[in-house]
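A short worksheet on the structure shown next.
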Amino acid sequence: MTFDRRKFLLDTGKLLVLSASASVAWEAIVAGKPETAPNYTMTDHWWGMAIDVDKCIGCGSCVRACKAENNVPLDPMYFRTWVEQYRVNPDDMDHPTVESPNGGYDGFPFKGAPDSDPKAKHFFVPKLCNHCADSPCTQVCPVGATFISPDGVVLIDKDYCLACRYCVQACPYGCRFIDPRTMTADKCTLCYQRITKGLTTACCENCPTGARRLGDLKNPNDPIQQFLLDHHVVVLKPQMATGAKVYYNDLDGSVR
Amino acid sequence: MSDLFKNKVHLVRMAGLFLVGIVAFVILRWWMVPKSFGEYGHYRGAALGEIASLPMHYAGRAACEECHTDIVAQRKGSPHEQIGCETCHGPLLAHAEAGGEPKPALPDSRQLCPRCHSASPYRPKGFPQVVVADHAPEGQCTACHNPHAPKIS
(Lines give C-alpha, C1' and ligand atoms only; values in the text may rest on other atoms or scores of the structure.)
Protein backbone atom coordinates (compact mmCIF):
# COMPACT_ATOMS: atom_id res chain seq x y z
CA MET A 1 0.00 0.00 0.00
CA THR A 2 1.42 3.31 -1.00
CA PHE A 3 0.32 6.59 0.49
CA ASP A 4 1.23 9.54 -1.68
CA ARG A 5 0.66 13.20 -1.10
CA ARG A 6 -1.99 13.51 -3.81
CA LYS A 7 -4.22 10.86 -2.23
CA PHE A 8 -3.72 12.39 1.20
CA LEU A 9 -4.76 15.83 -0.04
CA LEU A 10 -7.81 14.37 -1.76
CA ASP A 11 -8.92 12.46 1.31
CA THR A 12 -8.40 15.40 3.63
CA GLY A 13 -10.27 17.65 1.23
CA LYS A 14 -13.20 15.23 1.24
CA LEU A 15 -13.17 15.12 5.02
CA LEU A 16 -13.18 18.91 5.21
CA VAL A 17 -16.10 19.31 2.76
CA LEU A 18 -18.15 16.53 4.34
CA SER A 19 -17.67 17.73 7.90
CA ALA A 20 -18.63 21.28 6.87
CA SER A 21 -21.87 20.09 5.26
CA ALA A 22 -22.56 17.85 8.23
CA SER A 23 -22.27 20.83 10.56
CA VAL A 24 -24.78 22.77 8.44
CA ALA A 25 -27.16 19.80 8.47
CA TRP A 26 -26.78 19.41 12.22
CA GLU A 27 -27.75 23.03 12.79
CA ALA A 28 -30.92 22.46 10.77
CA ILE A 29 -31.67 19.34 12.82
CA VAL A 30 -31.28 20.96 16.25
CA ALA A 31 -33.24 24.08 15.17
CA GLY A 32 -36.85 24.49 16.27
CA LYS A 33 -37.07 27.46 18.61
CA PRO A 34 -40.60 28.78 19.20
CA GLU A 35 -41.74 31.74 17.09
CA THR A 36 -41.49 35.28 18.37
CA ALA A 37 -45.17 36.20 17.87
CA PRO A 38 -47.17 34.85 20.82
CA ASN A 39 -50.24 32.68 20.18
CA TYR A 40 -49.20 32.22 16.56
CA THR A 41 -47.81 28.98 15.24
CA MET A 42 -46.44 29.43 11.76
CA THR A 43 -46.87 25.82 10.73
CA ASP A 44 -50.63 26.01 11.39
CA HIS A 45 -51.17 28.45 8.52
CA TRP A 46 -50.74 28.64 4.77
CA TRP A 47 -51.78 32.07 3.57
CA GLY A 48 -53.35 32.95 0.25
CA MET A 49 -55.85 35.42 -1.15
CA ALA A 50 -59.05 35.27 -3.16
CA ILE A 51 -59.90 38.15 -5.49
CA ASP A 52 -63.36 38.52 -6.97
CA VAL A 53 -62.80 40.55 -10.13
CA ASP A 54 -66.58 41.07 -10.53
CA LYS A 55 -66.68 42.97 -7.25
CA CYS A 56 -63.74 45.33 -7.84
CA ILE A 57 -65.00 48.87 -8.39
CA GLY A 58 -61.58 50.45 -8.93
CA CYS A 59 -61.73 52.81 -5.96
CA GLY A 60 -58.07 52.29 -5.08
CA SER A 61 -58.74 51.91 -1.34
CA CYS A 62 -56.43 48.87 -1.23
CA VAL A 63 -53.56 50.84 -2.78
CA ARG A 64 -53.94 53.73 -0.34
CA ALA A 65 -54.34 51.39 2.64
CA CYS A 66 -51.26 49.40 1.66
CA LYS A 67 -49.15 52.54 1.41
CA ALA A 68 -50.35 53.87 4.76
CA GLU A 69 -49.90 50.55 6.57
CA ASN A 70 -46.55 49.58 5.13
CA ASN A 71 -44.87 52.94 4.49
CA VAL A 72 -44.55 52.25 0.76
CA PRO A 73 -42.68 55.04 -1.13
CA LEU A 74 -44.98 57.77 -2.46
CA ASP A 75 -42.45 59.80 -4.39
CA PRO A 76 -41.49 58.15 -6.69
CA MET A 77 -44.57 55.94 -6.55
CA TYR A 78 -43.82 52.28 -5.97
CA PHE A 79 -46.42 49.62 -5.30
CA ARG A 80 -46.87 46.53 -3.21
CA THR A 81 -50.39 46.30 -4.60
CA TRP A 82 -51.96 48.16 -7.49
CA VAL A 83 -55.09 48.08 -9.63
CA GLU A 84 -55.14 47.78 -13.42
CA GLN A 85 -57.97 49.06 -15.60
CA TYR A 86 -58.67 46.85 -18.62
CA ARG A 87 -60.49 47.76 -21.79
CA VAL A 88 -60.82 44.84 -24.20
CA ASN A 89 -61.64 45.88 -27.76
CA PRO A 90 -63.76 43.27 -29.62
CA ASP A 91 -61.60 43.73 -32.75
CA ASP A 92 -58.42 42.64 -30.95
CA MET A 93 -59.27 40.72 -27.84
CA ASP A 94 -55.73 39.51 -27.21
CA HIS A 95 -54.36 43.00 -26.78
CA PRO A 96 -56.33 44.90 -24.17
CA THR A 97 -55.64 48.50 -23.25
CA VAL A 98 -54.28 48.46 -19.71
CA GLU A 99 -54.00 51.60 -17.65
CA SER A 100 -52.96 52.11 -14.06
CA PRO A 101 -52.45 55.82 -13.34
CA ASN A 102 -50.51 56.01 -10.06
CA GLY A 103 -51.39 52.35 -9.58
CA GLY A 104 -54.97 53.40 -8.83
CA TYR A 105 -53.89 55.45 -5.80
CA ASP A 106 -56.29 58.26 -6.80
CA GLY A 107 -58.98 55.92 -8.11
CA PHE A 108 -59.93 55.85 -11.78
CA PRO A 109 -61.95 58.99 -12.57
CA PHE A 110 -63.64 58.42 -15.92
CA LYS A 111 -63.85 61.34 -18.32
CA GLY A 112 -66.90 61.23 -20.53
CA ALA A 113 -70.31 59.64 -20.43
CA PRO A 114 -70.45 56.20 -18.81
CA ASP A 115 -72.13 54.64 -21.87
CA SER A 116 -69.78 56.21 -24.43
CA ASP A 117 -67.91 52.94 -25.07
CA PRO A 118 -70.57 50.20 -25.24
CA LYS A 119 -68.74 47.95 -27.71
CA ALA A 120 -65.83 47.12 -25.41
CA LYS A 121 -65.36 45.01 -22.30
CA HIS A 122 -64.34 46.91 -19.17
CA PHE A 123 -63.09 45.74 -15.80
CA PHE A 124 -60.51 46.24 -13.05
CA VAL A 125 -57.89 43.75 -11.88
CA PRO A 126 -56.20 44.26 -8.50
CA LYS A 127 -52.70 42.84 -8.35
CA LEU A 128 -50.20 42.01 -5.64
CA CYS A 129 -47.51 39.49 -4.83
CA ASN A 130 -48.91 36.02 -5.50
CA HIS A 131 -46.94 34.50 -2.61
CA CYS A 132 -45.98 31.60 -4.82
CA ALA A 133 -45.32 28.24 -3.20
CA ASP A 134 -42.48 27.71 -5.74
CA SER A 135 -41.52 31.32 -6.14
CA PRO A 136 -38.91 32.18 -8.79
CA CYS A 137 -37.84 35.26 -6.84
CA THR A 138 -36.63 33.32 -3.79
CA GLN A 139 -34.80 30.80 -5.94
CA VAL A 140 -32.52 33.40 -7.53
CA CYS A 141 -31.51 35.24 -4.35
CA PRO A 142 -27.77 34.68 -3.95
CA VAL A 143 -27.59 35.54 -0.23
CA GLY A 144 -30.70 34.02 1.34
CA ALA A 145 -32.30 37.44 1.84
CA THR A 146 -35.70 36.44 0.46
CA PHE A 147 -37.52 33.30 1.42
CA ILE A 148 -40.87 31.57 1.80
CA SER A 149 -41.87 31.57 5.45
CA PRO A 150 -43.25 28.36 7.01
CA ASP A 151 -46.74 29.90 6.73
CA GLY A 152 -46.43 30.50 3.00
CA VAL A 153 -45.55 34.20 2.82
CA VAL A 154 -42.70 35.39 0.60
CA LEU A 155 -40.68 37.83 2.71
CA ILE A 156 -37.47 39.86 2.49
CA ASP A 157 -34.77 40.10 5.15
CA LYS A 158 -33.77 43.74 4.72
CA ASP A 159 -30.55 43.22 6.67
CA TYR A 160 -29.35 40.67 4.16
CA CYS A 161 -30.57 42.18 0.88
CA LEU A 162 -27.80 43.53 -1.36
CA ALA A 163 -30.19 45.08 -3.92
CA CYS A 164 -28.66 42.97 -6.69
CA ARG A 165 -32.08 43.06 -8.40
CA TYR A 166 -32.09 39.39 -9.45
CA CYS A 167 -35.42 38.89 -7.72
CA VAL A 168 -36.93 41.98 -9.38
CA GLN A 169 -36.18 40.44 -12.75
CA ALA A 170 -37.20 36.93 -11.72
CA CYS A 171 -40.74 37.78 -10.58
CA PRO A 172 -43.05 37.03 -13.54
CA TYR A 173 -45.74 39.28 -12.05
CA GLY A 174 -43.68 42.45 -11.61
CA CYS A 175 -44.35 42.56 -7.89
CA ARG A 176 -40.92 43.61 -6.63
CA PHE A 177 -39.07 46.91 -6.63
CA ILE A 178 -36.00 48.47 -5.06
CA ASP A 179 -36.96 50.84 -2.25
CA PRO A 180 -34.93 53.97 -3.04
CA ARG A 181 -34.70 54.93 0.66
CA THR A 182 -33.13 51.74 1.94
CA MET A 183 -31.72 50.39 -1.35
CA THR A 184 -33.18 46.98 -0.64
CA ALA A 185 -35.73 44.92 -2.50
CA ASP A 186 -39.30 45.45 -1.32
CA LYS A 187 -42.62 43.76 -1.92
CA CYS A 188 -45.96 42.79 -0.37
CA THR A 189 -45.46 41.05 2.98
CA LEU A 190 -49.16 40.12 3.15
CA CYS A 191 -49.13 42.56 6.12
CA TYR A 192 -47.15 39.99 8.11
CA GLN A 193 -47.28 42.30 11.16
CA ARG A 194 -51.11 42.02 11.02
CA ILE A 195 -51.80 38.43 10.02
CA THR A 196 -49.55 37.11 12.80
CA LYS A 197 -51.79 38.98 15.26
CA GLY A 198 -55.06 37.64 13.93
CA LEU A 199 -55.96 40.69 11.82
CA THR A 200 -56.52 40.74 8.07
CA THR A 201 -54.28 42.63 5.64
CA ALA A 202 -54.73 46.39 5.19
CA CYS A 203 -55.97 45.93 1.61
CA CYS A 204 -58.59 43.34 2.60
CA GLU A 205 -59.62 45.33 5.69
CA ASN A 206 -60.29 48.38 3.52
CA CYS A 207 -61.80 46.84 0.40
CA PRO A 208 -65.34 48.32 0.47
CA THR A 209 -66.93 45.57 -1.63
CA GLY A 210 -65.11 42.55 -0.22
CA ALA A 211 -63.45 41.90 -3.57
CA ARG A 212 -60.21 40.87 -1.86
CA ARG A 213 -60.17 38.32 0.91
CA LEU A 214 -57.24 36.95 2.83
CA GLY A 215 -57.52 33.24 3.46
CA ASP A 216 -55.78 30.54 5.41
CA LEU A 217 -55.58 27.57 3.06
CA LYS A 218 -54.69 25.25 5.94
CA ASN A 219 -57.78 26.15 7.98
CA PRO A 220 -60.76 24.04 6.84
CA ASN A 221 -63.18 26.52 8.43
CA ASP A 222 -61.83 29.57 6.62
CA PRO A 223 -64.46 31.04 4.24
CA ILE A 224 -61.84 30.99 1.45
CA GLN A 225 -62.26 27.20 1.21
CA GLN A 226 -65.94 27.58 0.30
CA PHE A 227 -65.14 30.47 -2.03
CA LEU A 228 -62.65 28.31 -3.95
CA LEU A 229 -65.23 25.52 -4.18
CA ASP A 230 -68.07 27.76 -5.33
CA HIS A 231 -66.20 29.72 -7.99
CA HIS A 232 -64.17 28.95 -11.09
CA VAL A 233 -60.89 30.43 -9.95
CA VAL A 234 -57.60 30.79 -11.79
CA VAL A 235 -54.16 32.07 -10.89
CA LEU A 236 -52.12 34.45 -13.01
CA LYS A 237 -49.68 32.85 -15.48
CA PRO A 238 -50.36 29.21 -14.53
CA GLN A 239 -47.95 28.15 -17.30
CA MET A 240 -45.08 29.48 -15.17
CA ALA A 241 -45.80 26.77 -12.53
CA THR A 242 -45.05 29.20 -9.71
CA GLY A 243 -47.64 27.76 -7.33
CA ALA A 244 -49.29 31.19 -7.05
CA LYS A 245 -51.70 31.51 -4.12
CA VAL A 246 -53.72 34.54 -5.23
CA TYR A 247 -56.87 33.10 -6.77
CA TYR A 248 -58.94 35.21 -9.18
CA ASN A 249 -62.61 34.61 -9.77
CA ASP A 250 -63.97 35.35 -13.25
CA LEU A 251 -60.69 36.61 -14.65
CA ASP A 252 -60.70 37.51 -18.34
CA GLY A 253 -58.28 35.57 -20.55
CA SER A 254 -56.71 38.79 -21.80
CA VAL A 255 -55.20 39.53 -18.38
CA ARG A 256 -51.49 38.79 -18.22
CA MET B 1 6.23 -0.48 6.73
CA SER B 2 9.05 1.77 7.69
CA ASP B 3 8.88 3.06 4.14
CA LEU B 4 5.39 4.46 4.77
CA PHE B 5 6.40 6.73 7.64
CA LYS B 6 9.83 7.59 6.29
CA ASN B 7 8.82 11.20 5.64
CA LYS B 8 6.20 11.53 8.30
CA VAL B 9 7.24 15.07 9.11
CA HIS B 10 5.51 16.06 5.86
CA LEU B 11 2.30 14.46 7.06
CA VAL B 12 2.49 16.19 10.42
CA ARG B 13 3.04 19.56 8.76
CA MET B 14 0.12 19.07 6.40
CA ALA B 15 -2.15 17.83 9.15
CA GLY B 16 -1.24 20.84 11.26
CA LEU B 17 -1.99 23.15 8.36
CA PHE B 18 -5.37 21.56 7.78
CA LEU B 19 -6.17 21.68 11.49
CA VAL B 20 -5.43 25.43 11.57
CA GLY B 21 -7.63 25.86 8.49
CA ILE B 22 -10.50 23.92 9.99
CA VAL B 23 -10.31 25.79 13.29
CA ALA B 24 -10.21 29.15 11.46
CA PHE B 25 -13.22 28.09 9.35
CA VAL B 26 -15.26 27.06 12.39
CA ILE B 27 -14.42 30.26 14.30
CA LEU B 28 -15.13 32.52 11.32
CA ARG B 29 -18.37 30.72 10.58
CA TRP B 30 -19.50 30.99 14.20
CA TRP B 31 -18.63 34.68 14.24
CA MET B 32 -20.00 35.75 10.86
CA VAL B 33 -23.17 33.66 10.38
CA PRO B 34 -26.15 34.94 12.44
CA LYS B 35 -27.27 32.48 15.10
CA SER B 36 -30.73 32.05 13.59
CA PHE B 37 -29.52 31.43 10.03
CA GLY B 38 -30.82 28.05 8.89
CA GLU B 39 -33.41 27.86 11.65
CA TYR B 40 -36.23 27.27 9.16
CA GLY B 41 -34.36 27.27 5.85
CA HIS B 42 -31.61 29.06 3.99
CA TYR B 43 -32.32 32.42 5.61
CA ARG B 44 -32.09 34.25 8.92
CA GLY B 45 -34.90 32.90 11.09
CA ALA B 46 -34.93 36.03 13.27
CA ALA B 47 -36.07 38.04 10.21
CA LEU B 48 -39.56 36.53 10.60
CA GLY B 49 -39.98 38.02 14.08
CA GLU B 50 -38.56 41.35 12.94
CA ILE B 51 -41.04 41.60 10.05
CA ALA B 52 -43.91 40.46 12.29
CA SER B 53 -43.10 43.23 14.79
CA LEU B 54 -43.18 46.09 12.24
CA PRO B 55 -45.54 48.90 13.28
CA MET B 56 -49.22 48.68 12.32
CA HIS B 57 -51.39 51.65 11.36
CA TYR B 58 -54.88 50.23 10.83
CA ALA B 59 -56.79 49.09 13.92
CA GLY B 60 -59.44 47.04 12.11
CA ARG B 61 -63.18 47.52 12.37
CA ALA B 62 -63.54 45.29 15.43
CA ALA B 63 -61.53 47.83 17.44
CA CYS B 64 -63.71 50.72 16.18
CA GLU B 65 -66.94 48.93 16.99
CA GLU B 66 -65.95 48.47 20.63
CA CYS B 67 -66.56 52.19 21.32
CA HIS B 68 -68.66 53.50 18.41
CA THR B 69 -71.76 51.41 19.04
CA ASP B 70 -74.05 54.24 17.81
CA ILE B 71 -72.43 54.05 14.36
CA VAL B 72 -72.76 50.27 14.36
CA ALA B 73 -76.49 50.73 14.93
CA GLN B 74 -76.72 53.35 12.13
CA ARG B 75 -74.90 51.10 9.68
CA LYS B 76 -77.02 48.05 10.41
CA GLY B 77 -78.76 46.95 7.22
CA SER B 78 -77.36 49.83 5.18
CA PRO B 79 -75.49 49.20 1.92
CA HIS B 80 -72.36 50.53 3.63
CA GLU B 81 -72.56 48.09 6.55
CA GLN B 82 -69.73 45.86 5.35
CA ILE B 83 -67.22 48.65 4.61
CA GLY B 84 -64.27 48.93 6.99
CA CYS B 85 -64.42 52.14 9.08
CA GLU B 86 -60.86 53.11 8.18
CA THR B 87 -61.59 52.84 4.46
CA CYS B 88 -63.10 56.33 4.69
CA HIS B 89 -61.70 57.61 8.00
CA GLY B 90 -58.07 56.61 7.42
CA PRO B 91 -55.63 54.61 9.54
CA LEU B 92 -56.59 55.07 13.21
CA LEU B 93 -54.66 52.57 15.30
CA ALA B 94 -53.09 55.43 17.30
CA HIS B 95 -56.60 56.83 17.96
CA ALA B 96 -57.88 53.43 19.10
CA GLU B 97 -54.89 52.69 21.33
CA ALA B 98 -54.98 56.10 23.02
CA GLY B 99 -58.71 55.81 23.70
CA GLY B 100 -59.91 58.53 21.33
CA GLU B 101 -57.01 60.90 20.80
CA PRO B 102 -55.95 62.18 18.29
CA LYS B 103 -59.34 62.89 16.74
CA PRO B 104 -59.33 62.13 13.01
CA ALA B 105 -60.35 64.81 10.51
CA LEU B 106 -63.67 64.25 8.74
CA PRO B 107 -63.04 63.13 5.16
CA ASP B 108 -63.98 65.45 2.32
CA SER B 109 -66.99 63.78 0.72
CA ARG B 110 -66.50 65.57 -2.63
CA GLN B 111 -63.19 63.79 -2.94
CA LEU B 112 -64.01 60.52 -1.22
CA CYS B 113 -67.45 59.47 -2.51
CA PRO B 114 -66.74 59.79 -6.28
CA ARG B 115 -63.82 57.37 -5.99
CA CYS B 116 -66.41 54.61 -5.72
CA HIS B 117 -69.59 56.18 -7.08
CA SER B 118 -68.58 58.37 -10.05
CA ALA B 119 -69.97 56.80 -13.21
CA SER B 120 -67.54 54.69 -15.22
CA PRO B 121 -68.04 51.85 -17.71
CA TYR B 122 -65.25 49.98 -15.92
CA ARG B 123 -67.24 49.55 -12.73
CA PRO B 124 -69.47 46.47 -12.41
CA LYS B 125 -72.97 46.87 -13.82
CA GLY B 126 -75.50 47.38 -11.06
CA PHE B 127 -73.06 49.14 -8.75
CA PRO B 128 -74.62 52.50 -7.76
CA GLN B 129 -72.95 55.21 -9.85
CA VAL B 130 -73.75 58.84 -10.64
CA VAL B 131 -72.38 61.40 -13.07
CA VAL B 132 -71.25 63.75 -10.31
CA ALA B 133 -71.61 66.93 -12.38
CA ASP B 134 -75.29 66.12 -13.09
CA HIS B 135 -76.16 64.55 -9.74
CA ALA B 136 -74.72 67.24 -7.48
CA PRO B 137 -72.64 69.99 -9.14
CA GLU B 138 -71.60 71.41 -5.78
CA GLY B 139 -71.89 70.97 -2.04
CA GLN B 140 -70.95 68.08 0.20
CA CYS B 141 -72.47 64.68 -0.57
CA THR B 142 -73.14 64.40 3.15
CA ALA B 143 -75.61 67.32 2.94
CA CYS B 144 -78.20 64.83 1.62
CA HIS B 145 -76.70 61.38 2.33
CA ASN B 146 -75.72 59.99 5.69
CA PRO B 147 -72.52 58.15 4.76
CA HIS B 148 -73.20 55.45 7.34
CA ALA B 149 -76.65 54.78 5.87
CA PRO B 150 -76.62 56.48 2.46
CA LYS B 151 -80.01 55.38 1.12
CA ILE B 152 -82.55 58.25 1.02
CA SER B 153 -86.01 56.80 1.53
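The values are calculated or read from the model by the stated rules, or taken from the named source; none is laboratory data. As the structure is a prediction and not an experimental result, all values here were calculated from the model. With ideal geometry, Cβ positions are generated from the backbone for all residues, glycine too; neighbour counts draw on all protein chains shown.
Overview of values
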| item | result |
| --- | --- |
| Within segment B:97-124, considering residues that are touching a residue at least 12 places away in the same chain (Cβ under 8 Å) and crowded, with 18+ Cβ neighbours inside 10 Å, the one nearest to the other protein chains (Cβ to nearest Cβ) | B:ALA119 |
| Failed item, numbered, when A:ASP91 is tested on (1) facing chain B (nearest Cβ under 9 Å); (2) at negative phi | (1) |
| Considering residues of segment A:36-65 that are assigned to a helix (DSSP H, G or I) and under 18 Å from the mean Cα position of the chain (by Cα) only, the residue surrounded by the most Cβ atoms within 10 Å (Cβ to Cβ) | A:CYS62 |
| Within segment A:213-229, tally of residues that are part of a helix (DSSP H, G or I) and either touching a residue at least 60 places away in the same chain (Cβ under 8 Å) or in contact with a strand residue (DSSP E or B) (Cβ under 9 Å, 6 or more places away or on another chain) (or both) | 5 |
| Residue tally, condition more than 14 Å from chain B (Cβ to nearest Cβ), among the charged types (D, E, K, R) and in contact with a strand residue (DSSP E or B) (Cβ under 9 Å, 6 or more places away or on another chain), over segment A:158-183 | 2 |
| Number of the exception - A:TYR86 against (1) of a type in the set (Phe, Trp, Tyr); (2) within 11 Å of chain B (Cβ to nearest Cβ); (3) touching a Cys at 6+ places or on another chain (Cβ under 9 Å); (4) not in a loop (DSSP other than H, G, I, E, B) | (3) |
| Every residue from segment B:65-98 that is small (Gly, Ala, Ser) and farther than 18 Å from A:LEU199 by Cβ | B:ALA73, B:GLY77, B:SER78, B:ALA98 |
| Residue among B:PRO91, B:PRO79 that alone is at negative phi, touching a His at 6+ places or on another chain (Cβ under 6 Å) and assigned by TED's automatic domain parsing to the domain that holds B:CYS113 | B:PRO91 |
| Strands (runs of 3 or more DSSP E) enclosed by segment A:92-203 - at least 1 residues per element that are closer than 18 Å to A:LYS245 by Cα and aromatic (Phe, Trp, Tyr) | A:146-148 |
| The one condition in (1) touching a residue at least 24 places away in the same chain (Cβ under 8 Å); (2) surrounded by 15 or more Cβ atoms within 10 Å (Cβ to Cβ) that A:GLY210 fails to fulfil | (2) |
| Looking only at segment B:26-60, and only at residues there that are at the interface with another protein chain (Cβ under 7 Å from one of its Cβ atoms) and part of a helix (DSSP H, G or I), the one that is surrounded by the fewest Cβ atoms within 10 Å (Cβ to Cβ) | B:GLY49 |
